[in-house]
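A short write-up of the structure that comes next.
The values are calculated or read from the model by the stated rules, or taken from the named source; none is laboratory data. Nothing here was measured: the structure is a model prediction, and the numbers come from that model. Every residue, glycine among them, receives a Cβ derived from its backbone with ideal geometry; neighbour counts consider all protein chains shown. In case anyone asks, the SASA skips ligands and DNA or RNA and just uses the protein heavy atoms, side chains included. Shrake-Rupley method; radii C 1.70, N 1.55, O 1.52, S 1.80 Å.
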Amino acid sequence: MRRRHLALVVAAIGLFIVALNARDQADATLVLEDVTVIDGTGAPPRPGTTIVVRGDRIADMFPTGSRAVPSGARRLATAGRYVIPGLIDSHVHLATTERPQALVEALLRATLLGGVTTVRDMGGSGPVLARLREAARDPAALSPDIHVAAVFAGPTAFWFIGDARVPYFNGGLLPGTAPWLVKVDETTNLRERVAAAKAWGAAGIKIHSDLTRSQVEAIASEARRQRLPVWSHATVGPAVPRDAVDARVVSISHADALVWQGRPSVPPLLFGRPAGMPDAIEQVPFDSAPVRDLLARMRSRNVLLEPTLYIGVEAASFAGDDRPRYDRQAAWAAAVTDLAHETGVAILAGTDAVGGSSPNLHVELQLLVERAGLSPLEAIRAATFNAARALGLAGEIGSIAVGRRADLVVLDGNPADDIRNTQTIRAVVRRGVVFERTEPMPVPPLGSPPPVDAARPPAPCLLYQS
C-alpha cells in the first residue's frame, strides 16, 4: 500500500509551480501584508501583521498600516490569510529503501509544497543522504532542508546483520564502520567514531538498539562533549527508557516503547524495537507508577518526547485480524503522550513515514490534537519551535521572529481554530524563496480534510500582486 501511495507522487509533479525564478528572489525584499501570524511558540495569533523578508531572513514585522512597506518590494496578496513557521518533520527515513531518483525528487518536492521546510532523517544509506542533504542547501531546491543523524547501535542491530538492505545502508563499506552507521561494542573508540560522524556531516547522534545502560551513557556523554545533540529510541534494549533519560538525551522517539519501563526486562529486538509490544501494552497501564516516574524525570531533564503516533495508526490500518491489538497499542501511545503533555514534557512531532503526494505530518498534528490532548497551537509548536530545539536550531528556524530564517507557510484557514487547516496551503517560503501551489494539497491517507469554508476560493489564485 505504501509503495502505491509513494508512486502517486510522480503523477503529482504537475500540480506545483515556482512563483518566481528562485534565484531571482535570493536578494529580493518580499512583503507578506496583513496576515495573522502564528509564530510557533504557542503564543496567541497576531492578526493584522505585516512581515518583511529580505534575502533569506525575516527583516521586520509590524502592525499593518503602522508604517510603509519598503519601496520596490514584491508584495504577496496575503491579506486575511494565516502564516505559520515552516513545519519540521522530526522523524523521516529518506534512504532506508532504494528508490528511483525521480521518485525521491518528487517525494521531496511534495514534502516541501506540503509545508514541510525541514526534516530530521533518523538513519539510512549515507551516500544517498549526503547527496540529498547537499542538494537541499541550494535555496532554489524543491526540497526541505535535510538534517541527518548518525546511528549508533549494537552488533545485532538490523543495520548490520539479517536484512537484505545492509549493503545499501552501509554504502558498500564493512557494516558498522561507516561514519553514518556505527557498530558499538566493547572495543569501540567512541571519541573517534563521534568525531568521524561529525566530520561526515551528522547533525546529531541517534542511539538506536542493542545497547546497555553504560553504553548509552558513554555515547551521550561523548556526543555532548563534541557538541552534537543526542537523540534516542525510547527503548534501545537492554537499556530501558529511564537509561536514555538519565543520560540526558535531547529527545526520545516512539511513545509506545515507554511501556518497557514497566516491565522487568526488554525482550529481543525486531527491526530495532522490542518484540511483543502488544502483550506488554496489555500488562502495563499507561499511567502506572513506573511510567509516571519516567515522565517526571523527562520533565525535570527537559527531554522531549517524539510520540510518532502516525506510524502506529498506520500499522493498525494494515494489521488485518490483529487490528484490535494494534489499535490498543496506538491508543496506549496516544494516552501516554497525553499524560506526558499533562506532566509538562515537551512534545515533538515526527512521523517515521514522511508521506507521498502530501506529508503525513499533517496527520500527526491531527492525532496530537484529537487523541493526545494538545491544543492546535501546542501541536504546531511540536512541529516548529520544539522541533527546532531538538535540532539545536531554535535560534535559526521553527519560529517567526525578526532575524529568523524565512521559512514560512501561507494558509487560507486558521489552524489555531482547527488543526486540519494546516492543509490549506497557498504558498511555502523556504530560505526566502516563494513556492506556490496551483492546486489544493491532497489529504494524506488516514487524515481528515480541512473544514469546508464558503469564503475560501474554490481554486488557488496567484499570490503576487501586480
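Key figures for this structure:
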quantity: Pair list, Cβ < 6 Å and 6+ apart or interchain, from segment 421-435 residues that are farther than 10 Å from Leu30 by Cα to residues that are open to solvent by 10 Å² or more (accessible area, probe 1.4 Å) and among the aliphatic types (A, V, I, L, M); calculated: Gln423/Met441; Ile425/Met441; Phe435/Val18
quantity: Residue match in segment 261-276 (condition: closer than 18 Å to Ile311 by Cα and in contact with a Leu (Cβ under 6 Å, 6 or more places away or on another chain)); calculated: no
quantity: Residue under evaluation Gly204, criteria (1) open to solvent by 10 Å² or more (accessible area, probe 1.4 Å); (2) under 17 Å from Leu391 (Cβ atoms), criterion not met; calculated: (1)
quantity: Among the residues listed as Asp352, Asp417, the single one being open to solvent by 10 Å² or more (accessible area, probe 1.4 Å), modelled with pLDDT of 95 or more, within 17 Å of the chain's Cα centre (by Cα) and among the charged types (D, E, K, R); calculated: Asp352
quantity: Test: residue in segment 362-376 that is at positive phi and open to solvent by less than 10 Å² (accessible area, probe 1.4 Å); calculated: no
quantity: Any chance Leu142 is open to solvent by 30 Å² or more (accessible area, probe 1.4 Å), among the hydrophobic types (A, V, I, L, M, F, W, C), at pLDDT 95 or above and under 30 Å from Ala59 (Cα atoms); calculated: yes
quantity: Search result, residues across segment 158-200 that are open to solvent by 30 Å² or more (accessible area, probe 1.4 Å), in contact (Cβ under 8 Å) with a residue 60 or more places away in the chain and either of a type in the set (Gly, Ala, Ser) or not in a loop (DSSP other than H, G, I, E, B) (or both); calculated: Tyr168, Trp200
quantity: Selection count, segment 314-333, where residues are in contact with a Phe, Trp or Tyr (Cβ under 9 Å, 6 or more places away or on another chain) and within 16 Å of Ser253 (Cα to Cα); calculated: 2
quantity: Criterion (over 24 Å from Arg109 (Cα atoms) and either touching a His at 6+ places or on another chain (Cβ under 9 Å) or without any contact (Cβ under 8 Å) to a residue 12 or more places away in the chain (or both)) met by exactly one of Gly403, Gly395; calculated: Gly395
quantity: Qualifying position, being open to solvent by 10 Å² or more (accessible area, probe 1.4 Å) and either within 17 Å of Leu258 (Cβ to Cβ) or at pLDDT 95 or above (or both), among Ala340, Ala335, Ala379; calculated: Ala335
quantity: The lone exception for Ala22 - which of (1) crowded, with 17+ Cβ neighbours inside 10 Å; (2) at pLDDT 95 or above; (3) small (Gly, Ala, Ser) it fails; calculated: (2)
quantity: Complete set of residues in segment 43-52 that are open to solvent by less than 40 Å² (accessible area, probe 1.4 Å) and part of a loop (DSSP other than H, G, I, E, B); calculated: Ala43
quantity: Failed criterion for Trp260 (all others in (1) in contact with a Pro (Cβ under 7 Å, 6 or more places away or on another chain); (2) more than 20 Å from Val148 (Cβ to Cβ); (3) open to solvent by 20 Å² or more (accessible area, probe 1.4 Å) hold); calculated: (3)
quantity: Odd one out for Val434 among (1) among the hydrophobic types (A, V, I, L, M, F, W, C); (2) touching a Ser or Thr at 6+ places or on another chain (Cβ under 9 Å); (3) surrounded by 24 or more Cβ atoms within 10 Å (Cβ to Cβ); calculated: (2)
quantity: Residue list for segment 87-138, restricted to those being open to solvent by 10 Å² or more (accessible area, probe 1.4 Å), in contact (Cβ under 8 Å) with a residue 40 or more places away in the chain and polar (S, T, N, Q); calculated: Thr96, Thr97
quantity: Filter result for Asp322 (at pLDDT 95 or above and out of contact with any Cys (no Cβ under 6 Å at 6 or more places or on another chain)); calculated: no
quantity: Strands (runs of 3 or more DSSP E) contained entirely in segment 53-142, each with at least 1 residues that are polar (S, T, N, Q); calculated: 87-92, 116-121
quantity: Residue check, Val266 buried (at least 18 other Cβ atoms within 10 Å of the Cβ) and at pLDDT 95 or above; calculated: no
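Yes or no, residue by residue, for (1) in contact (Cβ under 8 Å) with a residue 60 or more places away in the chain; (2) not small (Gly, Ala, Ser):
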| site | (1), (2) |
| --- | --- |
| Asp293 | no, yes |
| Gly312 | no, no |
| Asp322 | no, yes |
| Val336 | yes, yes |
| His341 | no, yes |
| Ile347 | no, yes |
| Leu361 | yes, yes |
